[in-house]
Each structure stands twice: as C-alpha cells, then as structure tokens.
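Accompanying notes for the structure given below.
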Amino acid sequence: MLMVEMCHVTFASTSEHHQLCRLEYRSRLIIKSTFIDISVIRLCFVKMACQGLAKGETIHTLKAESETLKGKLEEERAKLHDVELHQVAEKIEALGQFVMKTRRTLKGHGNKVLCMDWCRDKRRIVSSSQDGKVIVWDAYTTNKEHAVTMPCTWVMACAYAPSGCAVACGGLDNKCSVYPLSLDKNENLAAKKKSVAMHTNYLSSCSFTNSDMQILTSSGDGTCALWDVESGQLLQSFHGHSADVLSLNLAPSETGNTFVSGGCDKKANVWDMRSGQNVQSFETHESDINSVKYYPSGDAFATGSDDATCRLYDLRADREVAIYSKESIIFGASSVDFSLSGRLLFAGYNDYTINVWDVLKGTRVAILFGHENRVSTVRVSPDGTAFCSGSWDNTLRIWA
Amino acid sequence: MTIRSDRDHGQRYRPRMSCLKKLEATVVQMQDPSTGVKGTDQKLNVTVIPHVITGQDIVAWITKNMNVDNDEAQAFGTMLVAYGYIYPLQDHKKLVLRPDGSLYRFQTPYFWPVQKWNAEDTDYAIYLAKRNIRKKGVLDAYEQEEYNRLHKWMNHKWDFIVMQAKEQYHAGKARQKADRVVFDCQERAYWIVHRPPAQTHSAMDYGLDRHIDPNAEEKKTYDYYRRIIIYTQQAVMRSRVKSSVSLGALAKYITTFKNHDPFLVPCLPSNPWQTDDDSYWELNAPDVEIPTKMRVERWSFSFYELLNDPRGRADFKIFLKKEFSGENLAFWEAAEELKWGTAASMSEKAEQIFKTFLAPGAPRWINIDGRTMGLTVKGLEHPHRYVLDAAQTHIFMLMKKDTFYRYLKSPVYKEMQKKAISPAPHNFTEAQLQENMRNRRPSIDPIITWQKEQEEKAKAAAAAGPIDIKKLMASKLDRK
C-alpha cells in the first residue's frame, strides 16, 4: 500500500512542508508510513502539479515524459510477470455441475430495481428503484418490513447499515440520506431522515464503512467522498476520475483502509481512505466500468464493464490477471460479486442473463435465465448461502 | 460515420450501447443469402409477404453459428427482437423470440436503432396521425393517450403534422399493396421498440445520461500531464510482487475456503434457501453457546477470521483473560471504535483511551515500544481519527504473530474444537419440503438484536473495570 514519508520533523507550515516535498520529488519519492496530518501531502501534490511551466518545458515535453514514464511502468510490471492465472489454475481441480435456481421472487416495486444490499443478519435486504421507493424485505419469508418513498426518482444507491438499524439511499437528488429503521411499523421513516452527503451530481453508489457512523459515496460528478453521518461533515474527498464514478467497494482487509472505485473513464482506482490519495490505477477496459468488487482476501478485485467483459486485477502484482468474456456475450455487465471462497464470480448482464464464471480457470460454469429485463445488481449474501439479483423487470430474485 | 476522437468508448453509435456494433455485424451475417437464415414467402390476408423467417430457424442459426446452446440462442434472439433488428409479424407488441413456427422479418436498416438518433415526438405524432387518417379508431388505448397528449403539447405545430401525415399517406397509397403492407409492418415495429406500450420497458432505455460526455476531448493542459507524471513516478517506485507469488496466494485462499463456500460444498445441515429450514442460521448465530466444527475450523485460517466472527472473538477473549493480556485486544477494539466513530465523540474517546491504556501507570497499560508510544502520545495532544494508527497496527501485529498462534495451541481452543458440533445433513422428503415452505420462520428484528448487544456491552464494560494490580497482589499476599 502506498503511503508517503516525510521526515520525522513536525512541520510548522504548509509551505515548509511543500519545500521538502519538492526536494524529495526531484531526487526520488520515498514511500513509508507517516503519523502526521496526511491531507497536507495531497495538497502538496496538487501544488506541484499546478506549478507553471518551468524553463524549457512545453506541453509536448511533458507529454513525452509522461509517455516514457508510462512505458517504464509497464516494463516494471512485466518484469515480475512470470506466470499466468490459468497456469496456476491447472493444479486446482475443476468444478462440478451447478444447479442454481430461483428460490424467492420478490415482487412489489413499481418500476426498475436499481440497487440492493444485504443486512448482516443474512436474510434481510434493502432495495431501491426508479420510482423513488426504497423497500426493506425479509427475503426469507418475502415479507416487506419497511418502505420509504424518496423525494426523487432513480434511487441508484442503497446500503444497509452494519448494525441493521438504518438504511442509506440516494440518487438523482445528489444526496445520500440515512433513514433509521423503527420497530413501529406505522412510523413514518421519512420524519427521522438525515441528509448526509452532498454532491454536485447524481449519487451512483454508497456504502457504510465498518460502523453506522461513516458513509462512503461515489457520484456522477467524478468524485468519491467519506462523510460523518451524525454531523454530515465531509471527512475526505477523493479526486482522480475524469468522468462519472459508477461504483465503489470497501476492502475487506483487517486494516480496512482502502477502497476501489470504477468509472466512465474506463479506470479502476484504488484509494487510501486516510490520505485521499489514489494509490493504484488500472485502465485496461474498453468502455465504462459499471461495477467493482473486491476478492474476499482483499488482494484483488473484479470489474464488470459495458465492453461485455469482466476482469480480475491483482493488487500485489499490480496488473490485470484475467479477462472473463465470450464471443456470444456482447452486452455489458452491470454488476459483479464473488462467492464466499472467491472461486465463483457472479455477473449480471444487460441481456437479461446472469453468467457464473470460474475465477481461476476463466471459463463460464453456468448461465442463469429468468429475468425479463436488464439485471442491474447482483450481491452475494454475507454468509455466502445465496445471491440476490435485482432487475429492470421490477423484481428481485434470490438464487441458491 | 467518421470517428471524431480516439477516445472511443464504443458509444459513438448511442450512449451506453457499445453492443450495437456487434449486434449489427451478426444481423448482417444472418441476412447473407447463402449462409444466413432461410426466408420464405408467407401469405397474410390477401398479400404475400416476402422474406419471412420462423423463430425456430433463427434459434437454429444462432446455435450453429455462435456456438451456443438453445437457451442462450433464444435469449440472444430475444435481444435482437427487443432492439428492433427483427420484428414479429404475429403478436407484434410482445418483443420476444419464440422458438417455434412464429413468423419474423428482418427490419430494414433505415429503422435500425443506430440510424435514427432520437425518435422524435414530432415523428411519432405524424405516425399516429397517419394511422388515424387511414382508419378512424384503430389506435390502441395507450396510443390514443399519447396522441391526445401530443396533440395538446404540439398544438402549435399541429397543422404541419397533419399535413405531413397526409403527404405520407398519399405517398404510401402510390406504392404497391405488398410494399405498403411491408412498410407499415416495419414502421409499426419501429415504434413499438421506441415507444413501448404501457407497463413494458423499451430496450432503447439505457438509464440516465452520463454527466460527463465520455466521447468529449479532455483538455490536456500542463497540469494534466504533471499529474500523470507524478502519479506514474510513484507507481513505478512502489513495490510489487511476482505474479507466481500473488496468484499462488489467490489460489491458496480459494482452496482454504473451498469447504466453507455453500455454492461449492453444501452447507450442513442444509441451505435455508433451498430447504426452507433455517437451522443453519440458528446453529451459526453470533451468540450461540456451542459453535459448529466448520466455524471453529474457520477461526484457525487467519487472525482476521477469528476477530471478524463475534463468537470467535469471545473465545479469544476468554483465552486472553487466562493469560492476563486482555488489554491488547481491548486497546485494539477501542482504537477501532475511535477510527469508525462519529466525529463529535472523538476527543472524548481519545482521552478515555489515553487514560486507560497509554498514560504511565494506566490500569490497562499496553506494552509498545518507546518510539511508537512517543509519537502516539504526542499525536493525542491534537487528536484526530487516525491518531492511534501506529499503536493499533503494532498491537495488532503482536497479537497476530504471537498471541494468535498460542491461542490455536491452547487448551481453550482445543476444548472448543472437541465440543463443537457437526450437524447431520437434512434429508427432507418432497412432502416435508412443502411443509417447510408453508412454515417459514420469521426472525428477530436486527434492531432488537443490536439493542441487546449494546446492553451486554455496557454491562461487560461496567463489570470488567480496570483491574487494579496493586489490590489484586495485595489480596494474594494477604492470603499467603
């Protein structure tokens, strides 16, 4: 993981700090951990980038320099590339036949289902749709437990709080709102609503961190942000995408400090939550990235894109290691998720189907039919016993 | 079509529909006179319609040429119909491909989705007006509604629209009957795709427009390149690992967790979603007395797994209590609470942590090296969310590399392994499964579970107050 070291001297002002930065930048950038205010570092980079053209520099020299550096990066990556994923997979035994059926169909939304999330109790889910309705279901009994009507349409993001006591949702209203759930069925949940995030364009995705107190959001304005729920304060913002950010996912590691985001600029970026820095970036897709999801160990992540492929990126080797595609699949993948062990990748597509891929061998193990319109979201339950798919045909299905 | 920029996201045809390029290539192939789908002439009322194909022929062609099986071929065929490349002659409002003798025709390229950029309301109004002229009252209910709506909105243009409609109607009359029928079918099919009947979704609906146009040129000023240079320099510098090592680790993770993945190996006693029996969830509840063997095995995979499972963490706490080193885990938990807590409570929590764990002579003093302690204490003067990161990482590593392994070898863990239960797999008959389906049990609301947990935590915190070593030793000495 990338962190920047400064000397062990505490800095009095930003400019002094910046000076030292420049020195380091000129010779070499050292990378270690630091315990002081890290947002200063980002300020530093921005300042360095915005320095006017120095003597002898032109746009063309800068462009040439950036091209050579990119070439060098590819070289460095290639040096350590000694084996392909399918070679490693040869030693692993093949998977058997799969029988996955729809076990529950949840009907109740009046329009396209856009997003869903599981509760940590492994059976409840929250789902949001185009008509502004957010519904909390007990998927096991198919009962609806709570319903909220948002003041906007196209609620593209929804998330269940880790405690199970609240849900967050947002969309065309550019905000992310948290609704505490209540035991009293007749209570109007909209009364206690808390407006947390404020973006300048639509909210595409939101997620609670390890507690109910913080929310991470991504937006059509090209940024991601971390918010404190109680006060609505912006804790950290993440700039680096050059187009709409469509999806984000928090790392499941013990340190829990990073997350990955994917956007319309075809890039998947890994961010450090503490400093707001873009730690790693991958740009191999040919079209918008609709969905990003971490591998269960946190050392890799998968993406689903409009170019009809899903790809696996290894964070430690710093490269793309697998492409999951087929000649006959030409519609974009809207959503991906891993099974508990990471062996299976479930991907929902715009051609109304769900394809299940063998992550190691790169082959498709099953194709699931049933939805009558685009599959917009796919998520595996917290204990891996089932996965839920939401679709533009107004229904959600639980498969096991 | 000229390519305006090299930043092609495959969307120069239509936003978010880079699939159209490939769809069209396939459709062109399907219409090849020698290798494509065979069409015949069909008699419809009095006229004969040429180049009619059947659903089963389409499915057969797709199966053969795209190397897929029947179900997938049918799904792909449905996509072709939904996007308007093929249209049904019978039951024209339902855009699905039926793999039987149902009749279909290829849509003329003039009406392909890529050609007509936006199906304008004006065009739709002209089309509806034209149909109205031909036969009064032939419009469907939803079309009538649309017609009335457009009439209201476009009142200022209505004369123009009616004039256009009349022109097109007369031009149509000049054609031969067969051509006219075919053209009418094509036009009708086009409008079903672009203005679908009520309660159905059009395939042309791609969701929302992107805020930032992906095909637009990004301004490449000097700071754009500077940023790339800085970032790439860092990226080149970062340490990476050999592919064999990291891919090996991914494969190892899969093998380790294979037996715990309900999709690969059936979970015991049975998957609640499949049999409608929720014993699996009961046996694996967070606060269950005796956990299952699988669960206990999972704790041994990594320290993270042990801490993540509340039951595992509880067991680990028992072990730590026996070792009198509970303060490490307590500190780690407190630091987590600080990191993920609400901003308002931070300074209060930081102070509490300092008093309990870090101050010299603190009741639960943690043993960390001088440098880390110094930095942490200094940082606590101006506490922020990540002020305890260094200390927390140190303590976590200590527990992970030392305490965790001792735990796995300890009698506490070994006993738990012995006590753990291994439920027998369910074997329900068809009748029992039906019974289960009728009696699906609801569960306790997570809000109640959360409230109970909070109460327990408060009680535990009050009871396990800081252990006063002096008093403890004093009482021991007394007894001697």
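Values for this structure:
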item	result
Residue of A:Val359, A:Val83, A:Val380 that the Gaussian network model of chain A assigns the largest fluctuation, springs spanning Cα pairs under 10 Å	A:Val83
Computed magnitude of the charge dipole of chain B (debye, nearest 20; Cβ of K, R +1, Cβ of D, E -1)	960
Residues A:Glu254, B:Glu145, sorted so that the one with the fewest Cβ neighbours within 10 Å comes first	B:Glu145, A:Glu254
Estimated vicinal HN-Hα couplings, Hz - the stretch B:85-95 in sequence order (Karplus 6.51, -1.76, 1.60; Gly, Pro = x)	7, 10, 10, x, 8, 9, 6, 6, 8, 9, 8
Formal net charge of residues neighbouring B:Glu415 (Cβ-Cβ distance under 14 Å; K, R +1; D, E -1)	+4
Cα convex hull volume per residue for the protein assembly as shown (Å³)	211
Taking B:Ser279, B:Ser202 and counting other C-beta atoms within 10 Å, the order from fewest to most	B:Ser279, B:Ser202
Rg/Rh (Cα only; Kirkwood hydrodynamic radius) as it applies to the stretch A:102-399	0.94
Selected from A:Cys264, A:Cys152, A:Cys115 as most flexible by GNM, with chain A as the system and alpha-carbon contacts under 10 Å	A:Cys152
Rounded if a/c under 1.5, otherwise prolate or oblate - the stretch A:76-119, Cα gyration tensor axes	oblate
The stretch B:45-55 - phi-based ³J(HN,Hα) in whole Hz, Karplus 6.51/-1.76/1.60, Gly and Pro as x	6, 9, 8, 10, 9, x, 6, 9, 10, 9, x
Proximal aspartates and glutamates to A:Lys70, defined as alpha-carbon separation beneath 19 angstrom and excluding residues fewer than eight positions away on the same chain	A:Glu57, A:Asp265, A:Glu283, A:Glu286, A:Asp314, A:Asp318, A:Glu320, B:Asp6, B:Glu218, B:Asp223
Pairwise label distance in nanometres, B:His211 with A:Gln233, each label 7 Å out on the Cα-Cβ vector	2.4
Rounded, prolate or oblate (a/c below 1.5 giving rounded, otherwise prolate when a/b exceeds b/c) for the stretch B:171-321 by Cα gyration tensor	oblate
Set of lysines with alpha-carbon distance to B:Lys419 below 24 Å, sequence-local pairs under 8 removed	B:Lys258, B:Lys293, B:Lys317, B:Lys321, B:Lys322, B:Lys409
Share of alpha-carbon pairs per 10 Å distance bin for chain B, given as whole %	3, 12, 15, 14, 14, 15, 13, 9, 4, 1, 0, 0
Sorted by Cβ density within 10 Å, fewest first, the residues A:Ile92, B:Ile366, B:Ile58	A:Ile92, B:Ile366, B:Ile58
Relative intensity, log₁₀ I(q)/I(0), of the stretch A:250-304 from a Debye sum that treats every alpha carbon as a point, q = 0.14, 0.17, 0.28, 0.31 Å⁻¹	-0.34, -0.49, -1.14, -1.27
Listed peptides B:101-109, B:410-418 by packing density, highest first (mean Cβ within 10 Å)	B:101-109, B:410-418
Shielding score for A:89-100, defined as the mean number of other chain Cβ atoms within 10 Å	2
Karplus-derived 3J(HN,Hα), 6.51/-1.76/1.60, for each residue of the stretch A:142-151, Hz, glycine and proline x	6, 7, 8, 9, 9, 9, 10, 9, 7, x
Order by protection proxy (mean Cβ within 10 Å, highest first), peptides A:282-293, B:238-249	A:282-293, B:238-249
Other-chain or far-sequence residues with amide H under 5 Å of A:Lys133's (modelled H)	A:Met150
Helix-only [θ]222 nm of the protein assembly as shown, DSSP H runs n ≥ 4, -39500 (n - 2.57) each, per residue, nearest 500	-11000 deg cm²/dmol
A:Ala300 long-range amide H proximity, modeled H, under 5 Å	A:Tyr295, A:Leu315
Most to least packed among B:451-457, A:103-109, B:88-94 [average Cβ atoms within 10 Å]	A:103-109, B:88-94, B:451-457
18 Å Cα-Cα reach of B:Lys349 towards lysines, excluding residues that sit fewer than 8 places from it in its own chain	B:Lys339, B:Lys378, B:Lys457
Using alpha-carbon coordinates, inclination of helix A:14-27 to the longest axis of chain A, degrees	80
Rg over Rh [alpha-carbon atoms, Kirkwood Rh] for the stretch B:253-393	1.10
Amide H within-cut-off set for A:Val279, under 5 Å, with H built and near neighbours excluded	A:Val270, A:Trp271, A:Asp272
Computed over chain A: relative contact order in percent, which uses C-alpha pairs under 8 Å that are six or more apart	12
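FYI, it's all coordinate maths here, none of it is from the lab. Since we're looking at a predicted model, the values are computed, not measured. All Cβ positions, even for glycine, are placed from backbone atoms using ideal geometry, and neighbour counts span all protein chains on display.
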